[in-house]
Amino acid sequence: MKSKWVQWSGAVLCAAVAALCFTGRVDPWIQRAGLGKLEQQNNQYLAENFEKALSGFGVMSGLKAGLAVVEGSTGGVNAGVSLQLQIGDVVQSAYDYVDIAWRTLLLGSICLLSMQYLLEVAGFLGQIVLGLFFVWLAMGCVWRHPPQVLRDIGILTGFAGWVLYLFLPLSILAASALSQQITQPTVDAAQAGFAEAGETLFPDNQSLDEGMLARIKQIPERLEQISNYLRQKASEMSLWTVQLIAGYLFDCIFFPLGCFLLMLFGSRACLRYGHQCSVHERLLKELAKLKMHSNGD
């Protein structure tokens, strides 16, 4: 009778916790348990890097538009065919680098914002999965010998809860630590280099002004200055572009995905090892019982 009362009490308690999970009232307790600080650090990292990528995207947009204006203005300048071709080649090469870097920063901004949304979705789904896990616990308290399908569902919901509440946030946190130590200095240097080039070529963003376009056409020397500057910075621009591509690939894909897969497969390996050990232990116990019975006979 007492065991029945304990079973039903445990089932009611688990059902009450499941109801709290479904209504979102367990989330403050989870935040106080330490996950709130983890969420705050991830949000700060993603927000800062998103603002940095978005700012760099704006700088690259201005530089890209300015180079497009310069490239279009060479046709109206009376500076000789050879000089026009020379300036056009240099500007086109620089424009290609800037365009690739512009696309990289755009995709980087999208990836960083998507990771913010992913963490929000994980927090929302985590409450549902945790509620399903406590529903399974409630059924387990009443049902002493549940079928294998129900056991598998319980293991799946429990593991999904770990993934949503721990593995995803920890993978972002680990990726942020790796980014700060490895890729962030080169990405910042590349963005600073492009920003300096934009300020040098088109101060105060005057490249979009029609009067500036007219002055460029009237002063071939200005085109020669731009061409010489771009020729000097061609190798550095190519290096900056490669650094941006590699940096955002690692920050947005390789680091978080690699850390997540490492934790996922590592936990699966530990669970599999623990299951094999338990099976082995049960087998040894059964063999010992059989041996005792055989000796008794």
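The values are calculated or read from the model by the stated rules, or taken from the named source; none is laboratory data. Note that this is a predicted model, so its numbers are computed, not measured. Heads up, the Cβs are rebuilt from the backbone with ideal geometry, glycines too, and the neighbour counts pull from every protein chain shown. Just so you know, the surface numbers come from the protein's heavy atoms only, side chains and all, with ligands and any DNA or RNA stripped out. Shrake-Rupley method; radii C 1.70, N 1.55, O 1.52, S 1.80 Å.
Can you list the helices (runs of 4 or more DSSP H) found entirely within segment 1-118 that contain at least 3 residues being modelled with pLDDT of 85 or more, within 30 Å of residue 235 (Cα to Cα) and open to solvent by 40 Å² or more (accessible area, probe 1.4 Å)?
Passing ranges, in order: 36-73.
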Just checking, does segment 178-198 include any residue being buried (at least 17 other Cβ atoms within 10 Å of the Cβ) and modelled with pLDDT under 90?
yes
Taking the condition at pLDDT 90 or above, surrounded by fewer than 18 Cβ atoms within 10 Å (Cβ to Cβ) and within 16 Å of residue 262 (Cα to Cα), does residue 174 pass?
yes
Only one of 230, 244, 262 that is surrounded by 10 or more Cβ atoms within 10 Å (Cβ to Cβ), closer than 24 Å to residue 106 by Cα and at pLDDT 90 or above:
244
Could you list, ordered by first residue, the pairs with Cβ atoms under 6 Å in which the first is in segment 175-201 and of a type in the set (Val, Ile, Thr) and the second is open to solvent by 60 Å² or more (accessible area, probe 1.4 Å) and assigned to a helix (DSSP H, G or I), at least 6 apart or interchain?
183/250
Looking at 156, 125, 208, which one is modelled with pLDDT of 90 or more and open to solvent by 30 Å² or more (accessible area, probe 1.4 Å)?
125
